[in-house]
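Asks: Quick one: the structure is below, questions incoming.
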Amino acid sequence: MTLALVPAPASITSDGSAVFTLTDEVRLVGEADAAAALSALIAARTSGVIDPSTDSGSGGESPVIALRITPAGTPESYRITADAASVVVTGADAAGLFYGVQTLGQLVSRDGEGFSIPAVQIEDAPRFAYRGVMLDVARHFHPVETVKAYIDRAASLKFNALHLHLTDDQGWRIHLDSRPKLTELAAATGVGGDAGGFFSKADYREIVAYAASRHMMVVPEVDLPGHTHAVGLAYPELAEAPVLSPHLLEIVESHGGAAPTAGEPYTGMGVGFSSLKIHDEATYDFVADVAGELAAMTPGPYLHIGGDEALGTTPEDFALFIERATEIVADLGKTPITWHEAGAAVRIDPSTVGQYWGFVTPTDGMDEKARTFVRNDAGLILSPADAVYLDMKHDAGSALGLNWANGPTSVERAYSWDPAAVIDGVTDADILGVEAPMWTETIRTLDDIDEMAFPRIAAAAEAAWSPPAADSDLRTWESFRSRVGALGPLWSSLGIRYHPSAEIPWVSE
Ligand code: ACM
């Protein structure tokens, strides 16, 4: 029998002996937050048929699922021992227990007319400390409820970081008291002229708190110095005129829409045409205001300042901007993150973490730029676009999504890469983690997000969490596709409208 476990745990033994039968008599005891989370998962998975009690009072002889924290073992690790008599989940910390609960939710299986949990021993801990998903709320705005739903989905796969791409040429999506015109004048529209929107500070706080309750941190990104056409709607004195390069005009030609015009909202899909003024001190006052306010609103350690596709800026000016902007962030007590292009700036603040978005086989010297962050001992986040960009088309027939990252991304391609094999000389010790971005040029709704993310997000989760293939029998494409297929009923019960990829042997009940 295939156990529906994704990401694959570090170690599992299962002798197929007697199962733990789930009934209404089962009591969940121990940590209250974990008990509530497990109770909700079991109720969803069993369509409300089984509703275990979280009452900690004595239940006499009734069987028990015990949820405990024992501060031993590595951060975020957990252990599950299940047999016919009882189930015990022990987390090294609250996050570890939460991940144990997610694993237990995946183990709940239909058993004749009822449900059970197989007898297993699991010991599990993450391969990488940083396991991220990114949601672009700039190309299309996505409201708080959608963000919360995506947090639930990601946390169930043991992701612990939500990177919000809050600003781009098409809109600025976070209200800042120090720069109120950004949301007054530059948030009304998105790609295709669709309605825009923005998060109030209260909205942002709500997202941060919700994420924290699922053991996820929020990493806010304001993309600078390019991807800033929207800034020019609010503060025109900070923005250079759009650079209409052949690359941009090609995108305008193939995707439609008008070329960008200074002072007009941009609703197309072109990139690399906008820049802040690099030699104007007012730009650095702006960066200090924006970064300072975001840092104060964000409990997590990271602040992402973009740095990608600044094609309208000379290399010298780009380097100057990156050096100053990363220093501003570091002086605020936050760790800057930038996309890998910023590694071209030799005097980038040495604490800056790089995010590599080139291909699994690097092209155009992108690996060399990424090595800067390794030389600085700051670490790399790997987001190879042709494996983990969740907005790439599944296949040539996909209605949603884009195609530029080496064509469509099959589930097998999303799975068949290893973080330590992307950039020569970069090993696990240099890698902070893995992140799966979702850009939203074509993505408007939660259903669209589900359709593009699932099942490929599970492959990214496994790259981020599970041991490398050399250390685990479960890390094969054949194992992965059958484990993901077995997750279909759980995903359906949670309301996830996954893409029914023909590569996966979906189980139905
Ligand atoms: C990116 O895809 N421009 C980071």
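Asks: Starting from region 419-432, take each residue that is in contact (Cβ under 8 Å) with a residue 60 or more places away in the chain and at negative phi and list its partners that are among the aromatic types (Phe, Trp, Tyr) and surrounded by 15 or more Cβ atoms within 10 Å (Cβ to Cβ), counting only C-beta distances under 6 angstrom and pairs at least six apart or across chains.
Replies: 432/130
Asks: Right, next: Residue 263 passes all but one of (1) crowded, with 19+ Cβ neighbours inside 10 Å; (2) without any contact (Cβ under 8 Å) to a residue 40 or more places away in the chain; which number fails?
Replies: So residue 263 meets the others, but not (1).
Asks: Answer yes if at least one residue in region 437-448 is more than 16 Å from the ligand (Cβ to nearest atom), of a type outside the set (D, E, K, R) and over 20 Å from residue 504 (Cβ atoms), and no otherwise. Spell out the reasoning first.
Replies: Step one: list which residues in region 437-448 are more than 16 Å from the ligand (Cβ to nearest atom), which gives 444-448.
Among the residues that remain, those that are also of a type outside the set (D, E, K, R) are: 445-446.
Narrowing the set further to residues that are over 20 Å from residue 504 (Cβ atoms) leaves 445-446.
Yes: region 437-448 contains one or more residues that are more than 16 Å from the ligand (Cβ to nearest atom), of a type outside the set (D, E, K, R) and over 20 Å from residue 504 (Cβ atoms).
Asks: Regarding residue 313, is this residue closer than 16 Å to residue 435 by Cβ, of a type in the set (S, T, N, Q) and within 16 Å of the ligand (Cβ to nearest atom)?
Replies: Working: closer than 16 Å to residue 435 by Cβ: no; of a type in the set (S, T, N, Q): yes; within 16 Å of the ligand (Cβ to nearest atom): yes.
When the stated conditions are applied, residue 313 does not pass them.
Asks: Among the residues of region 425-451 satisfying the criterion of being under 13 Å from the mean Cα position of the chain (by Cα) and either of a type in the set (Lys, Arg) or within 22 Å of residue 356 (Cα to Cα) (or both), which is surrounded by the most Cβ atoms within 10 Å (Cβ to Cβ)?
Replies: 436
Asks: Quick one: residue 467 ticks every box in (1) within 30 Å of residue 145 (Cβ to Cβ); (2) not charged (D, E, K, R); (3) not in a helix (DSSP H, G or I) bar one, so which box is it?
Replies: (1)
Asks: Could you pull out the residue among 250, 237 that is part of a helix (DSSP H, G or I), out of contact with any Pro (no Cβ under 8 Å at 6 or more places or on another chain) and either modelled with pLDDT of 95 or more or hydrophobic (A, V, I, L, M, F, W, C) (or both)?
Replies: Details: 250 fails: either modelled with pLDDT of 95 or more or hydrophobic (A, V, I, L, M, F, W, C) (or both).
237 is the lone residue from the list that is part of a helix (DSSP H, G or I), out of contact with any Pro (no Cβ under 8 Å at 6 or more places or on another chain) and either modelled with pLDDT of 95 or more or hydrophobic (A, V, I, L, M, F, W, C) (or both).
Asks: Residues 261, 283: which one is polar (S, T, N, Q) and not in a helix (DSSP H, G or I)?
Replies: Details: 283 fails: not in a helix (DSSP H, G or I).
Only one candidate qualifies: 261.
Asks: Considering only residues of region 234-243 that are free of Cβ contacts under 8 Å to residues at least 60 places away in the same chain and under 32 Å from the mean Cα position of the chain (by Cα), which is nearest to residue 262 (Cα to Cα)?
Replies: So in region 234-243, the residues free of Cβ contacts under 8 Å to residues at least 60 places away in the same chain come out as 235-239, 241.
Those left that are additionally under 32 Å from the mean Cα position of the chain (by Cα): 235, 238-239.
Numbers: 235: 11, 238: 12, 239: 9 Å.
Among those residues, the one meeting the criterion is 239.
Asks: Sticking with this one: Among the residues of region 485-509, which ones are within 20 Å of residue 149 (Cα to Cα) and aliphatic (A, V, I, L, M)?
Replies: 487, 490, 494, 496
Asks: Quick one: is residue 444 out of contact with any strand residue (DSSP E or B) (no Cβ under 8 Å at 6 or more places or on another chain), of a type in the set (Lys, Arg) and not in a helix (DSSP H, G or I)? If you could, list the steps in order and put the result at the bottom.
Replies: Values: out of contact with any strand residue (DSSP E or B) (no Cβ under 8 Å at 6 or more places or on another chain): yes; of a type in the set (Lys, Arg): yes; not in a helix (DSSP H, G or I): yes.
For residue 444, the condition - out of contact with any strand residue (DSSP E or B) (no Cβ under 8 Å at 6 or more places or on another chain), of a type in the set (Lys, Arg) and not in a helix (DSSP H, G or I) - is met.
Asks: Right, here's the next one. Could you please give the count of residues in region 312-371 that are among the acidic types (Asp, Glu) and within 24 Å of residue 296 (Cβ to Cβ)? Before the answer, list the steps.
Replies: Initial filter on region 312-371 (among the acidic types (Asp, Glu)): 316-317, 323, 327, 331, 341, 349, 364, 367-368.
Pick out the ones that are also within 24 Å of residue 296 (Cβ to Cβ) and you get 323, 327, 331, 349.
Qualifying residue count for the region: 4.
Asks: Is it true that some residue in region 377-393 is surrounded by 19 or more Cβ atoms within 10 Å (Cβ to Cβ), more than 16 Å from the ligand (Cβ to nearest atom) and among the aliphatic types (A, V, I, L, M)?
Replies: Taking every residue of region 377-393 in turn, at least one turns out to be surrounded by 19 or more Cβ atoms within 10 Å (Cβ to Cβ), more than 16 Å from the ligand (Cβ to nearest atom) and among the aliphatic types (A, V, I, L, M).
Asks: Out of all the residues in region 289-331, which are buried (at least 21 other Cβ atoms within 10 Å of the Cβ), in contact with a Pro (Cβ under 7 Å, 6 or more places away or on another chain) and over 25 Å from residue 358 (Cα atoms)?
Replies: If the condition is that a residue be buried (at least 21 other Cβ atoms within 10 Å of the Cβ), in contact with a Pro (Cβ under 7 Å, 6 or more places away or on another chain) and over 25 Å from residue 358 (Cα atoms), then 294 is the only one that fits.
Asks: Within region 394-413, take every residue that is touching a residue at least 24 places away in the same chain (Cβ under 8 Å) and among the aliphatic types (A, V, I, L, M) and give me the one that is nearest to the ligand (Cβ to nearest atom).
Replies: Applying the filter and picking the extreme gives 405.
Asks: Right, another one. Can you tell me which residue is nearest to the chain's Cα centre (by Cα) among those in region 65-82 that are at pLDDT 95 or above and either among the small types (Gly, Ala, Ser) or closer than 18 Å to residue 26 by Cβ (or both)?
Replies: Out of the qualifying residues, it is 77.
Asks: For region 1-42, give me every one of the strands (runs of 3 or more DSSP E) that falls completely inside it and has 1 or more residues that are surrounded by 22 or more Cβ atoms within 10 Å (Cβ to Cβ) and touching a residue at least 60 places away in the same chain (Cβ under 8 Å).
Replies: Details: elements: 11-13, 20-22, 27-30.
In region 1-42, 20-22 are the strands (runs of 3 or more DSSP E) which contain 1 or more residues that are surrounded by 22 or more Cβ atoms within 10 Å (Cβ to Cβ) and touching a residue at least 60 places away in the same chain (Cβ under 8 Å).
Asks: Would you mind stating whether residue 145 is assigned to a strand (DSSP E or B) and out of contact with any Asp or Glu (no Cβ under 8 Å at 6 or more places or on another chain)?
Replies: Working: assigned to a strand (DSSP E or B): no; out of contact with any Asp or Glu (no Cβ under 8 Å at 6 or more places or on another chain): yes.
Spelling it out, it is not the case that residue 145 is assigned to a strand (DSSP E or B) and out of contact with any Asp or Glu (no Cβ under 8 Å at 6 or more places or on another chain).
Asks: Kindly check whether there is at least one residue in region 165-178 that is surrounded by fewer than 19 Cβ atoms within 10 Å (Cβ to Cβ) and hydroxyl-bearing (Ser, Thr, Tyr).
Replies: Checking region 165-178: at least one residue is surrounded by fewer than 19 Cβ atoms within 10 Å (Cβ to Cβ) and hydroxyl-bearing (Ser, Thr, Tyr).
Asks: Mind checking which residues of region 350-361 are buried (at least 22 other Cβ atoms within 10 Å of the Cβ) and more than 15 Å from the ligand (Cβ to nearest atom)?
Replies: Within region 350-361, 352 is the sole residue that qualifies.
The values are calculated or read from the model by the stated rules, or taken from the named source; none is laboratory data. This one's a predicted model, so the numbers in the text were calculated from it and none came from an experiment. A quick note on method: Cβ atoms are made from the backbone with ideal geometry, for glycine too, and the neighbour counts reach across all protein chains shown.
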